[in-house]
Amino acid sequence: MTAQRLTGERLIDGMTPAELDRARRVESVLPALREAAARADAAGEFPRGHVALLRENGLLGLVVPEEYGGLGGTLRDLAAATYAMGTACPSTALAYFFHNTSASRGLLPLEAVRAGLFDDAEVPEVTAFAERVLKVMAGGSWLGNFASESVKSSEANIAIATTARRTAHGWRLYGEKSFGCATGVADLYLVTARLDGVDGADGLALFLVEREAPGVSSRAPWNGIGMRGSANHGIRLDGVTVPDDDALTLPGAFTRMLRMSRGSFVGNQLAIAAVYTGAAQAVYDHTLDRLTTQSFADTGRPIATSPMHQVLIGDMTQRLETAYLWLRRQLELETSEPPLRPKPDVFRQWRLGKGSVTEACFDVALGALKACGTSGATLDGIIGRTLRDLAMGLVMTFPAERGRLEAAKMVSDDRANALFATVERGR
């Protein structure tokens, strides 16, 4: 008898035995996530029990190396996990994704150390912080990763105004983070801030902040149109004290570690697109089941057989496959050994891919709405919830239009530079 295929295998082909073991852990939590999804959306609150559920299954250390107590998973495991969770509860999948992005603040600095990007005097500080992040994750702490802010910059997707000022006993943080899942839920907040008096990207620093530390408060609850159960209303930091052991403030450390990512900002952003793809697959399955099991009263034939519904199903299928193609290609580019393409090419592919995936997934939900009609158009049903959840993907981090603009600029700048050369003037 053929073993039942794991949900994560619908995205990731050819899982290794170790990847299958980790995927089974994820599979075991899906029923609880699915059962709580509607209530979480209606209340606009993250289900608190999910923290213990994921901790007990070791999933808070999914991408932490085994030497630090984690499960030793890779980006393939993370994409499989967020995809699978996205089929059950997109809000939980999104919050889980952001927890796991914290691991990059441990993994990338260690890679930079091995690559010789830090001198001997700098290595102890960088290593200590990186290992601290990884060990607390493997130990079962949920980390809320806070980088985004309300301030906008015409030059960057994320502008950092939160400021860290030196004190006799460590650092004091002042600022406001407008977005970051698990507000009031995570055990620790991983905060990106700028060092007071240090200009440019070299002044970016990282801090681990206790959720209940004096000076930490939550912003007003976020009444958004999507991912309503992810507790992403953000935090305020009013003179929060952080000891040196919980900070990585070496000038230039942040930018040096980012040089080690394979493609996107910190090398794992495609796993957020996997959340959307999982949600799109779930609403597709729901719609197909509904249209093939319900029949027309006059003919007795399944609703799915009507010409209009056949067109809609075909469109939904094409858009869903489009999302898979972009996502799997990006995953291949970011995990292949040796690398298939130079980093600038992988980065450009992601700028195109993120928007392509999210637009395709939203189109699947829109097709589900059209195909199921007014009876399926409820705020508390799978179609209504998924339509709102996937609308968030259109704007989160950056919209498709910005990604295409940046990709076009990369291509045209490369071509323009190739049109010019310097030559010695003839005599």
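Give me the Debye-computed log₁₀ of I(q)/I(0) at q = 0.10, 0.12, 0.17 Å⁻¹ for the range 83-212, equal point scatterers on Cα only, no solvent, two decimals.
The calculated log intensity ratios at q = 0.10, 0.12, 0.17 Å⁻¹ are -0.36, -0.52, -1.03.
Which value, to two decimals, describes the C-alpha radius of gyration of the range 312-384 once divided by 2.2 N^0.38 Å?
Normalised Rg, Cα atoms only: 1.43.
What accessible area per residue, rounded to a whole number of Å², is obtained for the range 225-341 using a probe radius of 1.4 Å?
Heavy-atom accessible area per residue stands at 42 Å².
Which three extents, in angstrom, do the Cα atoms of the range 215-344 have along their principal axes, listed largest first?
Principal-axis extents of the Cα atoms in the range 215-344, largest first: 73, 45, 18 Å.
Grab the other residues whose beta carbon is less than 11 angstrom from that of A164, score K and R as +1, D and E as -1, and report the net.
+3
Can you give the Kirkwood hydrodynamic radius for the range 32-155, in Å, rounded to one decimal and based on Cα pairs?
15.8
Angle between the Cα long axis of helix 75-88 and the longest principal axis of the chain, 0 to 90 degrees, nearest 10?
40
With runs of 4+ DSSP H residues as the only contributors, calculate the mean residue ellipticity of the chain at 222 nm using -39,500 (n - 2.57) per run, divided by the residue total and rounded to the nearest 500.
-16500 deg cm²/dmol
Give the dimensionless ratio obtained when the Cα radius of gyration of the range 346-408 is divided by 2.2 N^0.38 Å.
1.30
Of all the accessible heavy-atom surface of the chain, with the other protein chains kept in place and a 1.4 Å probe, what percent is carbon and sulfur?
Working: 10390 of 19350 Å².
Carbon with sulfur: 54 percent of the solvent-accessible area.
For the chain, find the longest principal axis of its Cα atoms and tell me its angle to the long axis of helix 90-101, 0 to 90°, nearest 10.
So the helix axis and the longest Cα principal axis differ by about 20 degrees.
Could you state the number of Å between the C-alpha centres of the range 296-337 and the range 362-384?
So the two Cα centres are separated by 15 Å.
Note down, for the range 1-91, the three equivalent ellipsoid semi-axes (square root of 5 times each alpha carbon gyration tensor eigenvalue), biggest first, whole angstrom.
So the equivalent ellipsoid measures 23, 17, 11 Å along its semi-axes.
Net charge around L379, counting only other residues with Cβ within less than 14 Å of its Cβ (Lys, Arg = +1; Asp, Glu = -1)?
Within the 14 Å Cβ shell, the charges total +1.
Give the whole-number value, in cubic angstrom per residue, of the convex hull volume spanned by the C-alpha atoms of the chain.
184
At 1.4 Å probe radius, can you tell me the per residue accessible area of the range 1-150 in Å²?
Ligands and nucleic acids excluded, the result is 39 Å² per residue.
Could you give me the radius of gyration and the Dmax of the range 150-293, taking only the C-alpha atoms into account and expressing both in angstrom?
Calculated on Cα positions, Rg and Dmax stand at 18.6, 69 Å.
Give me the net charge for the shell around T87: Cβ to Cβ below 10 angstrom, other residues only, Lys and Arg +1, Asp and Glu -1.
+1
Post the alpha-carbon centroid distance, the range 104-151 to the range 233-283, in whole angstrom.
Taking the Cα centre of each part, the range 104-151 and the range 233-283 sit 11 Å apart.
Once the Cα atoms of helix 17-43 and of the chain are each reduced to a long axis, what angle between those two axes, in degrees from 0 to 90 to the nearest 10, is obtained?
Orientation of helix 17-43: about 70 degrees from the principal axis.
The values are calculated or read from the model by the stated rules, or taken from the named source; none is laboratory data. Fair warning: this is a prediction, and the values are worked out from it, not measured in the lab. Neighbour counts run over all protein chains shown; Cβ positions are idealised from the backbone, glycine included. Please note that ligands, DNA and RNA were not included when accessible areas were found on the heavy atoms of the full protein model with its side chains. Shrake-Rupley method; radii C 1.70, N 1.55, O 1.52, S 1.80 Å.
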